[in-house]
1. What is the sum of charges, Lys and Arg at +1 and Asp and Glu at -1, for the other residues whose Cβ falls under 13 Å from the Cβ of residue 334?
2. Residue 93 to residue 435: extension gain in nm, 0.36 nm per residue of separation minus the Cα-Cα distance?
3. Kindly identify segment 485-594 as rounded, prolate or oblate by the Cα gyration tensor criterion: order the square roots of the eigenvalues as a ≥ b ≥ c, call it rounded if a/c is under 1.5, otherwise compare a/b with b/c, prolate if a/b is larger, else oblate.
4. Among 511, 529, 487, whose Cα lies farthest out toward the positive end of the dipole of segment 482-549, if unit charges sit on the beta carbon of Lys, Arg (+1) and Asp, Glu (-1)?
5. Measuring from label point to label point, each 7 Å out along Cα→Cβ, what is the residue 306 to residue 225 span in nm?
6. Which of the peptides 238-251, 83-96, 298-311 is most tightly packed, and how do the rest follow, judged by the mean count of other Cβ atoms within 10 Å per residue?
7. Please sort 136-148, 551-563, 61-73 by packing, taking for each peptide the average over its residues of neighbouring beta carbons within 10 angstrom, highest first.
8. How large is the helix-only mean residue ellipticity at 222 nm for the chain, computed as the sum of -39500 (n - 2.57) over DSSP H runs with n ≥ 4, divided by its residue count, in deg cm²/dmol to the nearest 500?
Amino acid sequence: MSDRVVERVQRTLKVWGRCPAESRPVAPCVAAALALTLFVIGVLVLNDDYRGPDDDLGISIVLSGLYPDGGQCLFTNAVLNGIIYQLNIALPELNWFLVIERLAVTVAFFSFCYILLRHAPLGLSLACIGFVAYFIMPKCTLGSNFTVVAALCIVAGELCCCSGIMRKAPSSCVAGTLLVTLGFMWRALVLLLSAPFLVLAFAGLLVRLGRGQRQRVKALVVRALVCAIAVGLCVGGALAFDKAVWAEPKWADWLEYNDARYALVDYPMSDYDEVRDELASIGVSESDYWLMRNWITADPDYITSDLLMEVSDIAREPVADRSLPAAFLAEGRHLVKSPLLTVSLACVAACALLLGRKRVLATVVLSLGGAFAACVLFRYTGRLPARVEYSTWLLSLLPCLVAFLTIRPPAPVAAKPVGLRHVTASALIGVVFALLCAVGLVLKWAPTFNAERIDQFEKSSAFVESNDLVQRFTEPGVVYVWDTTTFTQLEKQLKYRHLPPALFMGSTTFMGGWTQGSPLVRAHNAEIGIPNPIRGLIDRPDTYFVTRRKEAIEQLTRYLREHYSKDAKAEVVDEVPLSEKGADPLLVVRFYTD
């Protein structure tokens, strides 16, 4: 009996790990992929835990209909923006941004799992699924970020396209085209970032076919071109529509303003003392510069896109001050300090090398090395957010996976059988790693599982309405101008996914952020009676500044004295405690003149 079991296991491992022309049955793979998807999505979406950043919540608010004259967002494609916005207007009971984002993540993860379980070796499949489930999926759900969502959609889509090209499966190519287009609409630049990895994957595929198969290579290239044209038409259509929308004057002005703004807050700039004379020559004081660098720009009468661009050009960190070796060392130190990520990538590489040995050594080295080089380059420019870093490592999996996807028979000449020991070792590494990732997910997030968090998809809920901070800062006729960095405290209360109530927004505006300069913020500020939020602090009764930064109060007082009233003063009228232990309270500040 035991000998028969061992024989079956050996036969199964041979088929799953060694034969490049055989796929697994459809039904078990669909069932397994669906089970994995429901497990991961269920644990991570219906959860009381939450993570930053707040990008997705900001986009969700902008497209929710809470702002007048809305409908567009700087970071996502105009087609996707229009769909979400119109659904929010037509069916206002749901937060359609979150609904569509969660659906995109679910479909992309299911597609990723299905393609690997059906068409890739067991060990490598499980290792990559475990990596995505533990490291990527939390960043698409608990700490949802549209950049990582875009990367997941694009990787899953390109994997489907490659599999369809290799097996002459049009349905797979169609699914891949739709996923890649969806990923492009979430974040266009991620598709550009994926291009080198896709080229490497296709080059590895051509090498895999070997010499002497001219007709087969030609047919493969033709299918790839057809698929590329289909993707190009879909992506090109979405891009053309996006360009047309942003060419309209009201949206073009916002785009110009943001291009000038984000350089000052997102990238390294010189200290004021280093550029004092140059800034003084254009009338920019130390307090002006401090506010611009610290997300306080809500003065449309003075802080314009032209001024922000001038300041950015003057204060930009000189290229000579940057160091590529320093960026290289910083990324190396980061990987050393992130042992889970590093060991996980090593497990994926080990599974691939055990199965492909010398044939895939170059692919693995170039792919992971390319991802490392991209991270170093981003660090060199002064900006490598976690969302970009993890997206890059996710994209680096593509060439490693395409090197092992099943190919329509006959098997490639270059495909030599892999020893059973190597297949078994790869499978064991993959199984153990996937189990550890599953256990990690359960131990880390099962304790905070809460089915009631299905209310995150509702536009209003008792959870939000009853929140202490929401109630404290909802006061008809009173306007609270929030320091942008301080508003994150309320976003935490909303778990970075629940929308604030409409009544709360009627008492709320912001000192800065990426929505400044937009027609929707101008219309909102005019509607609540404060077209210039900074000036309104001393001109409009019942207007207060909310911050945790005492330096912001001091710098804003100086700014008001320099630009609007020489005797402007500030008074803290209330301190609102936060639930976080040891957190500084929210300071409610009234500005006035004698």
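1. Neighbour charge sum, excluding residue 334 itself: +1.
2. Working: separation 342, 0.36 × 342 = 123.12 nm, distance 3.91 nm.
Contour length minus the Cα-Cα distance gives 119.2 nm.
3. It comes out oblate by the Cα gyration axes.
4. Most positive-ward Cα: 487.
5. Here the answer is 5.1 nm between the modelled labels.
6. Top of the packing list down: 298-311, 83-96, 238-251.
7. Ranking, from highest mean packing down: 136-148, 61-73, 551-563.
8. Taking each H run of at least 4 residues, the total per residue is -20500 deg cm²/dmol.
The values are calculated or read from the model by the stated rules, or taken from the named source; none is laboratory data. Bear in mind that the values here come from a model prediction, so they are computed numbers and not experimental data. No Cβ is skipped: glycine too gets one built from the backbone with ideal geometry, and neighbour counts run over all protein chains shown. Each accessible area value is taken on the protein alone, full model and side chains, heavy atoms only, with ligands, DNA and RNA left out. Shrake-Rupley method; radii C 1.70, N 1.55, O 1.52, S 1.80 Å.
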